[in-house]
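All of the numbers you see were taken from the coordinates with simple rules; none came from a lab. Values in this document were obtained by computation on a predicted structure and should not be read as measured data. Cβ sites come from the backbone with ideal geometry, for glycine too, and all protein chains shown count toward neighbours.
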Amino acid sequence: MSVTTKFDLGKPIMNNAIERTPELKTRLPAVGTTIFTVMSGLAAEKNAVNLGQGFPDFECDPRLVGAVTEAMTLGLNQYPPMAGVAVLREAISAKIFKLHGRKYAAASEITVTAGATQAIITAILAVVHPGDEVIVLEPCYDSYVPNIELAGGVAVRVPLTPGTFRPDFHKISAAITANTRAILINSPHNPSATIWSEADMLQLQEILAPTDILLISDEVYEHMVFDADKGQIHQSAVRFPGLAARAFIVSSFGKTYHVTGWKVGYVAAPAAMTSEFRKVHQFNVFTVNTPVQYGLSSYMADERPYLDLPAFYQRKRDLFREGLAKTRFKLLPSEGSYFQCVDISDVSDLNESDFCKWLTSEIGVAAIPLSAFYGDGFDQRVVRFCFAKKDETLNAALERLAKL
């Protein structure tokens with residue numbers, strides 16, 4: 001026996017159900033509105049010069065836009081291979097070999113990602129199991145710890161040396177346990193603008209040699225190492241066999257080519273590690289947009305854009321530092337990246353966060369407190385500016401900061 005129910009499609013269906021969204025148990029209870037969102041909102045409200053944002057306010061090379069446009073026009077608009085288009089992976093492999101002398105197989109050891117942030121969480125999800133420990137060096141980029149927690153891992157925070165932000169290898173060694181699965185490093189470093197030396201990398205290699213600990217090396221600012229005349233170069237983990245053999249090397253086209261909004265990066269890793277990486281990659285993004293990949297592969301034929309990048313940003317760094325030197329800020333070294341940190345001790349008695357809010361509201365320049373990069377909000381009276389801006393933007397900021 002069947003029952004037929006008739007509905008009057010001209011009338012709303014009435015019922016006695018109460019509209020209620022089920023209560024959720026958050027997977028990231030410590031995550032709320034970040035200081036980055038707060039400061040950007042305040043900067044917009046106060047019409048401040050925003051040097052808190054860590055991305056350029058200028059356009060990329062029109063040739064790069066043209067290369068992507070051409071790829072679209074040619075009909076390269078459907079799904080690419082999961083790991084990335086072959087010509088781009090081959091170009092990445094060739095670039096790494098030329099710069100650092102290690103050959104990665106494009107087919108099995110290079111993966112194109114939806115930016116470096118996706119690359120990092122994918123690497124963590126691929127290798128970190130519940131209860132595994134991952135060492136992070138604070139201050140650190142704000143995605144690292146949540147990524148570890150989402151994988152069920154335990155973040156073990158080891159501070160870089162306050163003031164100099166140098167790695168403390170005694171503390172790193174002491175943090176290693178039988179449960180340590182990986183260590184995450186970042187050079188050039190956000191937020192401190194320091195770089196790891198060859199001696200640092202060799203010491204890390206020595207510490208990890210007797211272990212099975214994996215390395216995730218965040219190298220998104222690789223082409224922003226300054227003072228080449230003093231012998232400074234980017235010491236990629238690729239250059240050290242004992243590190244490269246256990247490392248996910250992460251980089252970013254967005255940072256290198258001034259297109260952060262395109263969200264394209266890559267990971268280089270040994271084949272066995274790449275295999276596990278791609279198992280996760282195929283299910284969290286599957287792949288990266290096709291025409292941008294082809295456009296990047298074409299643009300990479302010219303080495304000058306990334307080879308000239310250190311001089312491009314060093315000029316901006318020097319311009320900004322020259323202006324800051326006329327204030328009461330104490331300038332910390334800026335060895336790499338596009339950031340400049342300053343000690344505010346001679347300017348204000350406020351803590352870092354309150355000072356940045358005051359600076360934005362009263363002086364009209366936005367910065368970011370370094371305490372935002374520490375899990376416990378450690379305050380050392382240091383704030384970060386970004387100088388990846390047009391000269392007129394930097395000069396406008398310096399004119400306002402001159403009041404200090």
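Separation of the stretch 190-204 and the stretch 268-324, taken as the distance between their Cα centroids, equals 20 angstrom. Taking amide hydrogens as placed 1.01 Å from N in the peptide plane, the amide H of E138 sits under 5 Å from those of V158, L160, each at least 5 positions away in sequence or on another chain.
Determine the calculated [θ] at 222 nm for the chain from helices alone, applying -39500 (n - 2.57) to every DSSP H run no shorter than 4 residues and normalising by the residue count; nearest 500 deg cm²/dmol. Write down the numbers at each step before the final one.
On the way: 16 runs with 151 residues, N = 404.
So the calculated ellipticity at 222 nm is -10500 deg cm²/dmol.
Across N289, N16, N47, mean-square fluctuation computed from a Gaussian network of the chain (C-alpha pairs under 10 Å connected) peaks at N16.
Close amide H partners of F248, meaning residues 5 or more places away or on another chain with modelled amide H under 5 Å apart, are L215, I216, S217.
Each other residue within a Cβ distance under 10 Å of I213 adds +1 if Lys or Arg and -1 if Asp or Glu, for a net charge of 0. Checking every one of the chymotrypsin sites (Phe, Trp or Tyr not before Pro) in the stretch 14-112 against DSSP loop status and a limit of 15 other Cβ atoms within 10 Å picks out F58. Contact order, relative form, for the chain: 24 percent (alpha carbon pairs under 8 Å, 6 or more residues apart, mean separation divided by residue count). Count charges around K390 for me, please; just the other residues with Cβ under 12 Å from its Cβ, Lys/Arg as +1, Asp/Glu as -1. Result for the neighbourhood of K390: -2. Under 28 Å of direct C-alpha separation, and excluding same-chain neighbours fewer than eight residues apart, K330 reaches these lysines: K46, K171, K230, K255, K316, K357, K389, K390, K403. Here the Karplus curve 6.51 cos²θ - 1.76 cosθ + 1.60, taken at θ = phi - 60°, turns the phi angles of the stretch 342-358 into couplings of 9, 8, 9, 4, 8, 9, 7, 9, 5, 6, 4, 5, 5, 5, 4, 5, 5 Hz, with x standing for Gly and Pro.
Taking the Cα centre of the stretch 235-360 as origin and assigning +1 to Lys and Arg Cβ atoms and -1 to Asp and Glu Cβ atoms, the resulting dipole is close to 280 debye. Sequentially through the stretch 36-50, phi angles give Karplus couplings (6.51, -1.76, 1.60; θ = phi - 60°) of 5, 5, 4, 5, 5, x, 5, 4, 5, 4, 8, 6, 8, 6, 8 Hz, Gly and Pro residues having no value and appearing as x.
DSSP bridge analysis restricted to the chain gives an antiparallel fraction near 45%, rounded to the nearest 5. Placing unit charges on the Cβ atoms of the charged side chains and taking the dipole of the stretch 127-236 about its Cα centre, the candidate lying farthest along the positive direction among P191, G152, H223 is G152. Between V365 and V49, T360, the built amide H atoms are under 5 Å apart, and every one of these is 5 or more places off in sequence or on another chain. Take the Cα of K330, go 7 Å toward its beta carbon, and the backbone nitrogen atoms of the stretch 363-384 under 13 Å from that spot belong to 380-383.
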